[in-house]
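Encoded as structure tokens, the structure appears first; notes follow it.
Every number here is computed from the coordinates shown, using simple stated rules; none is lab data. Every value quoted in this text rests on a predicted model; they were computed, and no experiment measured them. Neighbour counts are summed over all protein chains in view; Cβ atoms, including those assigned to glycine, are modelled from backbone coordinates with ideal geometry.
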Amino acid sequence: MRIEAYERIFMILAGLMLVLGIVGIGIGALVAGVHVPSPAGRIDPRTLSTTPPFDQPGLRDLGGGKYEAVVIARAWQFQPNEIQVPVGATVTFTLASPDVIHGFVLTGTNANVMVIPGQISQVTARFDQPGEYLWVCHEYCGFGHHQMYGKVVVR
Ligand code: CUA
């Protein structure tokens, strides 16, 4: 079978891109430690509001510039929807939903996780610059989805 020269070049280029993509994923996963956030635990969505730590949502100072923000994502608000931390803080967000699937994406950081009923989601972000960092629900969760947001105030 005869293959045109240009066609051969494009086939080789396409093959190379495929190999590069797979190698890139391999380097990211095995060397750079890139990974999809995995569930930090399981929780019964029906008893979420009485199960620690979600019985007392809010910010906890863990010392040494580290904080934990326990946040409930429910239709259609985050509770709490604002936390305040000092510059240089590292905040681990611990999230859960009592109803439907929500999302959590924090602008200006890599924090991006789904909040699925029945599981506890965790992401960590460090805030080296003062300002306000908006977070939003990025999974369509119904009528009030667009008003599901919150913010981190860094001073
Ligand atoms: Cu919650 Cu969209």
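If the chain linking residue 110 and residue 77 were pulled fully straight, counting 0.36 nm for each residue of separation and taking away their Cα-Cα distance, it would gain 9.7 nm.
Compactness of the chain is given as radius of gyration and Dmax, 20.6, 71 Å, from Cα positions.
Dividing the summed helix terms, -39500 (n - 2.57) for each DSSP H run of n ≥ 4, by the number of residues in the chain produces a 222 nm estimate of -6000 deg cm²/dmol to the nearest 500. Using the Cα gyration tensor of the stretch 27-77, with a ≥ b ≥ c the square roots of its eigenvalues, what is the shape: rounded (a/c below 1.5), prolate (a/b larger than b/c) or oblate (neither)? Oblate is the answer for the stretch 27-77, as a/c is 1.5 or above yet b/c matches or exceeds a/b.
Placing unit charges on each Cβ (+1 for Lys and Arg, -1 for Asp and Glu) gives the chain a dipole about its Cα centre, and among 89, 14, 65 the Cα reaching farthest toward its positive end belongs to 14. Given 5 Å bins starting at zero, what is the percent of C-alpha pairs of the stretch 58-147 in each, up to the one with the largest pair distance? Spelled out bin by bin, the stretch 58-147 gives 3, 15, 26, 26, 17, 9, 4, 0, 0 percent.
Within 10 Å, count the other beta carbons around each residue, average over each peptide in 39-49, 77-87, and list them highest first.
77-87, 39-49
Enter the Cα centre distance for the pair the stretch 47-78 and the stretch 132-153, rounded to the nearest angstrom. Spelled out, the Cα-based centre of one part sits 16 Å from the other.
Placing pseudo-labels 7 Å out from each Cα toward the beta carbon at residue 99 and residue 6 gives an inter-label distance of 5.7 nm. Using the Cβ-Cβ distance between residue 128 and residue 35 with R0 set to 25 Å, the FRET efficiency works out to roughly 0.65.
Helix 5-30 and the longest principal axis of the Cα set of the chain meet at an angle near 30°. Taking Cα centre as origin and charging only the Cβ of basic (Lys, Arg, +1) and acidic (Asp, Glu, -1) residues, the dipole magnitude of the chain rounds to 160 debye.
Using DSSP to define loop residues, name the chymotrypsin sites (Phe, Trp or Tyr not before Pro) in the stretch 1-54 whose beta-carbon has at most 14 other beta-carbon atoms within 10 Å.
Those that pass, being in a loop and sparsely packed, number zero.
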